[in-house]
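The values are calculated or read from the model by the stated rules, or taken from the named source; none is laboratory data. Quantities reported herein were computed from a predicted structural model and do not represent experimental measurements. Here the Cβ is made from the backbone with ideal geometry for all residues, glycine too, and neighbour counts use every protein chain on show. Note: areas computed on protein heavy atoms with side chains; ligands, DNA, RNA excluded. Shrake-Rupley method; radii C 1.70, N 1.55, O 1.52, S 1.80 Å.
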Amino acid sequence: MPDLLLRNVRIVPLSPRANAPAGVVDVLVADGVVTAVGEGLSRPEGVEAYDAGGRWLVPGLWDAHTHLGQWTLRASRLDLQGTRSPAEALARVAAAAREIEPGEAIVGTGHSAGTWDRWGTVSELDSVTGGIPAILVNHDFHHAWLNTAALDAVGLPRREDMVQETEWYQAYPTVAELFEASGNTPAAYRRMLTRTAGLGVVGMTDFEVGVRLDDWRWRWAYDCDLLRIRVATYADQLDEAIAEGRRTGDPLLPGDDRLTMGPLKIISDGSLGTRTAWCCDPYADDPDSCGAPNQSLDELQGLLERAHAAGLEVATHAIGDRAVAEALAAYAMTGARGSIEHAQLVRREDLPLMARLGITASVQPAHILDDREMTEDVWPGREDRCFATRWMLDEGVRVALGSDAPVAPLDPWLAIAAAVGRSRDGKE
């Protein structure tokens, strides 16, 4: 970045103990580093000066949890947000099918089937799409509603219900390749990154499913080097990452520390919307189910051990309180380091262990805006343990905020507001 002098800024203290200046000051930045803070700083020759007029100055923001491929594609997908039933979603799909060009597919997203009174069927989707492939990705990405044409194209067995959890994650890269390749170009990424930079974001961790390290190297060569990116890997690509010898934090390109190796991502349970998040107690609307793990404890420990031995941190998706507890036990047994992603429902007695182990709680506060009513319906009596960020901070857990875009908008200010206010409508 160019050298610059910021005049008349107010510096935001980053902690209660921070010794930030009380009034307005000038800040000099050279080679991307703050080199001087004070009143009436001299402007070095050739350095541009900007008068902030008393505005606040904060460090650049990070989004600790994104899916950048899907966020980039969000604008080109059929918007199903706000649909309250399969019938409402089908009406939007039917309208799109009447307008679609020959040879194209319908890819929709934004709906929350977990709030509907029932899930839609493949036959219903077939009835409004015919032979046009249709893929409706639930807003939490834990399942998708495909019609028969899409199931056949992707090579999935025919069925009447939705494609869920591991089967869906494994199928998604093929879906993206077959039906959305034109929307995942470097130019589309660059537009997304430019918009994101305008929100004050300087870096992100990309947890996109099916992305390989070379994908980001390729984008970097096509002018997508606007922000810092940590690239995660998944279990099916772990051998490849280990063979390359990249440890978490290592540059993926020689001499450029802006594109780095991220963690191994493990999805240890499901989601609230699909009632597959692994909980200590049953779901109110399904008393026979507490959700389920995606791996046995031995399998989870094995993945952590391999990653830790290779110098990789581990980001473990765990939404239910049982999943959080089991993930922490695996970290304790293996010595692995990293994060619990989401930690949507927790037991307070598990948080001191999280703090002692140095495991980060990587949380997405904006989810409370969409999940609040569902939480009250399916986890009644457990609401105080949902999105318990204050508890985490009180127990000394390191907390990192993110969006989980496109599940929530990639907007750090929305995340901060949701973390503080826990509401978009004043409801407490």
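Some notes on this structure:
Each row is one residue, and each column tells you yes or no for (1) closer than 18 Å to residue 275 by Cβ; (2) open to solvent by less than 50 Å² (accessible area, probe 1.4 Å).
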{"position": "120", "(1), (2)": "yes, yes"}
{"position": "126", "(1), (2)": "no, yes"}
{"position": "130", "(1), (2)": "no, yes"}
{"position": "142", "(1), (2)": "yes, yes"}
{"position": "152", "(1), (2)": "no, no"}
{"position": "169", "(1), (2)": "yes, yes"}
{"position": "175", "(1), (2)": "no, yes"}
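- Scan of region 118-170 for residues that are in a loop (DSSP other than H, G, I, E, B) and acidic (Asp, Glu), ordered by number: 140, 160, 161
- Residue count for region 308-327, restricted to those that are touching a residue at least 60 places away in the same chain (Cβ under 8 Å), of a type in the set (D, E, K, R) and either surrounded by fewer than 21 Cβ atoms within 10 Å (Cβ to Cβ) or within 29 Å of residue 245 (Cα to Cα) (or both): 1.
- Among the numbered conditions (1) modelled with pLDDT of 95 or more; (2) among the basic types (Lys, Arg); (3) more than 28 Å from residue 108 (Cα to Cα), the only one that residue 219 does not meet is (3).
- The residues of region 156-179 that are of a type in the set (A, V, I, L, M, F, W, C) and either touching a Cys at 6+ places or on another chain (Cβ under 7 Å) or closer than 18 Å to residue 212 by Cβ (or both), listed by number, are 171, 175, 176, 178.
- Identity of the residue in region 16-42, more than 30 Å from residue 364 (Cβ to Cβ), outside any strand (DSSP E or B) and aliphatic (A, V, I, L, M), that ends up modelled with the lowest pLDDT: 22
Here is a yes/no grid of residues against (1) touching a Lys or Arg at 6+ places or on another chain (Cβ under 9 Å); (2) under 24 Å from residue 409 (Cα atoms); (3) without any contact (Cβ under 8 Å) to a residue 40 or more places away in the chain; (4) surrounded by 21 or more Cβ atoms within 10 Å (Cβ to Cβ):
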{"position": "199", "(1), (2), (3), (4)": "no, yes, no, no"}
{"position": "202", "(1), (2), (3), (4)": "yes, yes, no, no"}
{"position": "218", "(1), (2), (3), (4)": "no, no, yes, no"}
{"position": "223", "(1), (2), (3), (4)": "yes, yes, yes, no"}
{"position": "244", "(1), (2), (3), (4)": "no, no, yes, no"}
{"position": "257", "(1), (2), (3), (4)": "yes, no, yes, no"}
{"position": "262", "(1), (2), (3), (4)": "yes, yes, no, yes"}
{"position": "284", "(1), (2), (3), (4)": "no, no, no, no"}
{"position": "295", "(1), (2), (3), (4)": "no, no, yes, no"}
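- If you go through region 265-289 and keep only what is β-branched (Val, Ile, Thr) and part of a loop (DSSP other than H, G, I, E, B), you end up with 274, 276.
- Residues in region 399-408 that are open to solvent by 10 Å² or more (accessible area, probe 1.4 Å) and over 21 Å from residue 114 (Cα atoms): 3 in all.
- Residue 184 under 26 Å from residue 95 (Cα atoms), open to solvent by less than 20 Å² (accessible area, probe 1.4 Å) and not acidic (Asp, Glu): no
- Restricting attention to region 364-388 and to residues that are acidic (Asp, Glu) and either in contact (Cβ under 8 Å) with a residue 60 or more places away in the chain or in contact with a Cys (Cβ under 6 Å, 6 or more places away or on another chain) (or both), the residue that is most open to solvent (accessible area, probe 1.4 Å) turns out to be 373.
- Residue identified as closer than 23 Å to residue 307 by Cα, touching a residue at least 40 places away in the same chain (Cβ under 8 Å) and open to solvent by less than 20 Å² (accessible area, probe 1.4 Å) among 330, 343, 361, 355: 343
- When residues of region 43-54 are limited to those that are assigned to a loop (DSSP other than H, G, I, E, B) and open to solvent by 100 Å² or more (accessible area, probe 1.4 Å), the one farthest from residue 5 (Cα to Cα): 45
- Qualifying residue in region 81-97 (condition: of a type in the set (Ser, Thr, Tyr) and open to solvent by less than 50 Å² (accessible area, probe 1.4 Å)): yes
- Answer residue from region 226-242, given it is of a type in the set (Val, Ile, Thr) and out of contact with any Pro (no Cβ under 9 Å at 6 or more places or on another chain) and is surrounded by the fewest Cβ atoms within 10 Å (Cβ to Cβ) among those: 242
- From 369, 351, 345, 401, residue being over 15 Å from the mean Cα position of the chain (by Cα), closer than 22 Å to residue 15 by Cβ and of a type in the set (A, V, I, L, M): 351
- Sole residue being open to solvent by 50 Å² or more (accessible area, probe 1.4 Å) and touching a helix residue (DSSP H, G or I) at 6+ places or on another chain (Cβ under 7 Å), chosen from 396, 335: 396
- Cross-chain or 6+ apart pairs with Cβ under 8 Å, region 411-428 first and within 17 Å of residue 371 (Cβ to Cβ) and modelled with pLDDT of 95 or more, then open to solvent by 70 Å² or more (accessible area, probe 1.4 Å) and not basic (Lys, Arg): none
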